[in-house]
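The values are calculated or read from the model by the stated rules, or taken from the named source; none is laboratory data. Everything numeric here is computed off the predicted structure, so don't read it as measured data. Here the Cβ is made from the backbone with ideal geometry for all residues, glycine too, and neighbour counts use every protein chain on show.
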Amino acid sequence: MTAFSLNPEQIAWCAELRTLADKRLRPLAEKGEPGRVNRPLVEALGELGLLDRLFAGEGAAGSTASRATSHATSGALGLCLLRESLAHACTEAETALALQGLGAHPVAAYGSARQREQWLAPARAGRAIAAFALSEPGAGSDAAALALAAAPDGPSSWRLTGEKCWISNAPEADFYTVFARTTPGAGARGVTAFLVPADRAGLTGTPLDMLSPHPIGALAFDGVTVTADDVLGEPDRGFRVAMTTLNRFRPSVGAFAVGMAAAALDATLAHTAERDAFGGKLKDLQAVAHQVAEMATRTEAARLMVHAAAAAYDRGEPDIAQRAAMAKLMATETAQYVVDAAVQLHGARALQRGHLLEHLYREVRAPRIYEGASEVQRTIIAKELYAAQAATESAAPSVPSVSHEEPSA
């Protein structure tokens, strides 16, 4: 299998997921309250085994179901197919699934046996809501600048003091993967990841009124006690936990965007084929046909970049940071373009509350910011390119200089 062609099993699985999302998950999503965790929806994702797929092969807590997952629909590429297919039919289900993965992946990959047993098992079943708490009021794109302080409180415990902001699923999550500074002035090398239950004394949360159907909130830590048993990975190595998690999920953020773009494109094809205008159908106007062709081409190009990045991750290739950044950048910017163009071709009806495109228009903006804004992705890409160039130059054999002086008599 290449990164550029899906096999029959993958194609059939994507079709099955779209039907599942439309028939089983969308009705639950429609019953949810905007800005609140939809627990019945998350539990359904667990019952259907979709949450379990997020952690297949991670840590020592893999279930029989995850181990039995087909290779063709597992790994980072399987995650991308899953997110794209769900997003095409039900963005709320896709987002609920992704947030569970983002919040609980550090536990699956770096947690102790006790942590995985206590928190990962219920998260996989959809009974415990997870959240990834990295961003702060003064540390969004520059994650290494975070200031939530973890002050020593004995030989193997700390007290967390400070704030987190723009945290998805906060303040309703049952546990948080929290990144705090254990060594002041050490930059990325002084950050530790902690698993913090929501009921820990001193931890409070406030919902934020955001352009988002799922909850986003701020967290306040007032001397919250954490111990060595709460550490994910190793002390002062938490930035690695964060970046490993983001590198795994960044290509699939692109898949979420591709799913939205594909839904907008399908709606546009149906609308322009049926809509009467200027003595014919909208699709008969060259300007409209060319616009639709451009939308389709960009969507497919983004999909291929996402698949290539995910396949590279699964193969363990060394340039995953660059590939993941390119995939997220391309896909999220493309989705913004495609959804905007779809709205334009639909006209005023697309802006009516409840219309698919009105929903997508609100949903499509955030992915260009979270898990690394587009500008951050461009910075990562450029950094990787120049690093590769420097490595190539340093590895090149030196060429002896040629003297042009006349030989002496």
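Things worth noting here:
- Residue list for region 110-142, restricted to those being touching a strand residue (DSSP E or B) at 6+ places or on another chain (Cβ under 8 Å), aliphatic (A, V, I, L, M) and under 19 Å from VAL231 (Cβ atoms): ALA123, ALA130, ALA131, ALA133, LEU134
- Some residue of region 213-220 being assigned to a loop (DSSP other than H, G, I, E, B), surrounded by fewer than 18 Cβ atoms within 10 Å (Cβ to Cβ), modelled with pLDDT of 95 or more and in contact with an Asp or Glu (Cβ under 9 Å, 6 or more places away or on another chain): no
- Scanning region 268-291 for residues that are closer than 20 Å to GLU84 by Cβ and either surrounded by 15 or more Cβ atoms within 10 Å (Cβ to Cβ) or in contact (Cβ under 8 Å) with a residue 12 or more places away in the chain (or both) gives THR268, LEU269.
- Answer from GLY154, GLY205 - the residue that is over 19 Å from the mean Cα position of the chain (by Cα), surrounded by fewer than 22 Cβ atoms within 10 Å (Cβ to Cβ) and free of Cβ contacts under 8 Å to residues at least 12 places away in the same chain: GLY154
- Residue within region 376-399 that is more than 25 Å from PHE132 (Cα to Cα), among the basic types (Lys, Arg) and without any contact (Cβ under 8 Å) to a residue 40 or more places away in the chain present: yes
- Residue match in region 390-409 (condition: surrounded by 12 or more Cβ atoms within 10 Å (Cβ to Cβ), at pLDDT below 95 and in a helix (DSSP H, G or I)): no
- Per-region count, region 308-328, residues crowded, with 21+ Cβ neighbours inside 10 Å and within 21 Å of HIS88 (Cβ to Cβ): 4
Table: residues versus (1) more than 27 Å from ARG368 (Cα to Cα); (2) aliphatic (A, V, I, L, M); (3) under 18 Å from the mean Cα position of the chain (by Cα); (4) surrounded by fewer than 24 Cβ atoms within 10 Å (Cβ to Cβ).
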position	(1), (2), (3), (4)
GLY111	yes, no, no, no
PRO122	yes, no, no, yes
ALA128	yes, yes, no, yes
GLY138	no, no, no, yes
